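For reference, the structure is listed below as C-alpha cells.
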Amino acid sequence: MGDAGTTAWDAGSPLALAQSRKVAAAIETAQRWPEGYVELVPVTTTGDVIQDRPLADVGGKALWTKELDKGLLDGSLDFCVHSMKDVESVRPAGIHIAAIRPRGDVRDRIIGAESIAALKQGAVVGTSSPRRAAQLLRLRPDLQIVPIRGNVETRLAKVERGEVDATLLASAGLKRLGLDAGAAIPTEIILPAPAQAAIGMECRANDTHTQSVLTTVNNDITYACVMAERAFTRALGASCASPVAAFAVLEDGDLRMRAQIFSSDGKDMVEDRAAFDCGDDATPEALARQMLDAAPPSIRRLFSAS
C-alpha cells in the first residue's frame, strides 16, 4: 500500500459501504493505523445500474466485479471488498483472494410471513435468485415466483407496498445494515448459496505487501470453508443462472460439506455430502462431478461442466 491504503466498494449499495467500513476498521485496528487511514473509494458497478433484468440475462456476477477488477489491475486501488457469494468462481489470473472475514449468519430470512409454510396458497414471492426460486418451488409448488432486483431496502419496500407477498433475504446482510426483519429459515430447510455471509478481500496477485496486510484480518476457518464451496461451484460449471446451494463447516478437524443442485422448477434435486481436509479442493470438485453424473437432464443442462 502507499501512504494510505485504498479499498473499493460498490457505490450503489449501502450494504457494500457498511461491509467496507467494517473491513477498513478491522485493518486499521490490526495495523495500529489511525481511524480513516484506509481510504474508501466508491465505484459504481453495472450491477447497480441495470435493475430491470435478471443477472443471467445481462452478464452474470461479473456485473458486480468488472469495474472493481479494472481498478485493481490498473493500480488505482489496493484492494476490493466483496460479498463472496457474488464473486465469480473463476477469477482473473492477476487477482488474488487474500482474506475472508469471520462468516456471519448463513441463513436466509423470509420477509412477509412467519415461515414458508405460513405463506398463503399461491402467494407471490419476489426473488431473482435461481437457487431460492428452486428451493421455494420444491417446498411449495403453488407459489408464484417473480423477479425482484434492487438493494435490500428496495426489496423490503416492495413487500411493504404489497407488490409481492414475500421475499427472501440473507440474514447476514440485514444484520450488517442494522435491520431486524423477517424470520430466519433453518439451513435444514433452505441451504444457503456457496460463500453466503462471507466478506472477502481481493488484491493484485503480485502485491505481496497488501496481501500481508490483508491476511492480518483473515479468518482461516471461514477462508477454508468458502474456498471449498467455491471449488465445488467451479467444478460444476455453475453460473448465476444455476440453482446451487452448498455449505461447509469445520467439525472435529474436518470440513463437512452439504450440497444441492436443482432443476429450475425445483422438481428435481440431487443432494450429497462430503468430509475432507482443509485446503483439499479435489474432494469438493469430485463431489460436484459425482452429483452431476447422478443428475437428470433438467439439472445437468444448467451447469456447463456437464
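The values are calculated or read from the model by the stated rules, or taken from the named source; none is laboratory data. Here the structure is a predicted model, which means the values were calculated and not measured. Cβ: placed from backbone, ideal geometry, glycine included. Neighbour counts: every protein chain shown.
One residue is enough: does the stretch 260-268 have a residue meeting the conditions of a type in the set (A, V, I, L, M, F, W, C) and either under 14 Å from A224 (Cα atoms) or surrounded by fewer than 18 Cβ atoms within 10 Å (Cβ to Cβ) (or both)? No: zero hits. Restricting G162, G173 to residues that are outside the structural domain of A205 (by TED's automatic domain parsing) and surrounded by fewer than 21 Cβ atoms within 10 Å (Cβ to Cβ) narrows the list to G162.
May I ask you to verify whether A195 is under 13 Å from the mean Cα position of the chain (by Cα) and either of a type in the set (A, V, I, L, M) or closer than 27 Å to R234 by Cβ (or both)? Quick ask: steps written out before the conclusion?
Values: under 13 Å from the mean Cα position of the chain (by Cα): yes; either of a type in the set (A, V, I, L, M) or closer than 27 Å to R234 by Cβ (or both): yes.
So A195 fits the description; yes.
Provide a single number: the residues in the stretch 189-202 that are out of contact with any helix residue (DSSP H, G or I) (no Cβ under 6 Å at 6 or more places or on another chain) and not assigned by TED's automatic domain parsing to the domain that holds L15. Don't jump to the end; show me each part of the working.
Keep residues of the stretch 189-202 that are out of contact with any helix residue (DSSP H, G or I) (no Cβ under 6 Å at 6 or more places or on another chain), which gives 189, 191-192, 202.
If we keep only those that are not assigned by TED's automatic domain parsing to the domain that holds L15 too, we end up with 189, 191-192.
Number satisfying all stated conditions: 3.
Which of the following residues is under 19 Å from A113 (Cβ atoms), modelled with pLDDT of 95 or more and more than 17 Å from the chain's Cα centre (by Cα): Q211, Q144? Spell out how you get there, then give the answer.
Working: Q211 fails: under 19 Å from A113 (Cβ atoms).
Selected residue: Q144, the only one of Q211, Q144 that is under 19 Å from A113 (Cβ atoms), modelled with pLDDT of 95 or more and more than 17 Å from the chain's Cα centre (by Cα).
The requirement of being assigned by TED's automatic domain parsing to the domain that holds A288, free of Cβ contacts under 8 Å to residues at least 12 places away in the same chain and not acidic (D, E) is fulfilled nowhere in the stretch 241-249; no residue meets it. Answer with yes or no whether G104 is surrounded by fewer than 20 Cβ atoms within 10 Å (Cβ to Cβ) and modelled with pLDDT under 90. When the stated conditions are applied, G104 does not pass them. So which of A93, A113, A157 ends up being buried (at least 16 other Cβ atoms within 10 Å of the Cβ), small (G, A, S) and not in a strand (DSSP E or B)? Exactly one of A93, A113, A157 is buried (at least 16 other Cβ atoms within 10 Å of the Cβ), small (G, A, S) and not in a strand (DSSP E or B), namely A113.
Here's the yes/no breakdown for (1) aliphatic (A, V, I, L, M); (2) within 30 Å of K66 (Cα to Cα); (3) touching a Lys or Arg at 6+ places or on another chain (Cβ under 8 Å):
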| residue | (1), (2), (3) |
| --- | --- |
| K120 | no, no, no |
| R138 | no, no, yes |
| N151 | no, yes, no |
| G173 | no, yes, no |
| G178 | no, yes, no |
| N206 | no, yes, no |
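Among residues of the stretch 75-94 that are of a type in the set (G, A, S), those with a beta-carbon under 6 Å from a residue that is in a loop (DSSP other than H, G, I, E, B) at least six positions away or on a different chain give the pairs G94/A205. Checking each residue in the stretch 191-208 for being of a type outside the set (S, T, Y) and surrounded by fewer than 21 Cβ atoms within 10 Å (Cβ to Cβ) picks out R204, A205, N206, D207.
Mind listing whichever residues of the stretch 209-223 are of a type in the set (A, V, I, L, M, F, W, C), crowded, with 18+ Cβ neighbours inside 10 Å and within 25 Å of V106 (Cα to Cα)? It would help to see each step written out before you state the result.
Let us first name the residues in the stretch 209-223 that are of a type in the set (A, V, I, L, M, F, W, C), namely 213-214, 217, 221.
Now drop any that are not crowded, with 18+ Cβ neighbours inside 10 Å, which leaves 213-214, 217.
Listed by number, the residues that qualify are L214, V217.
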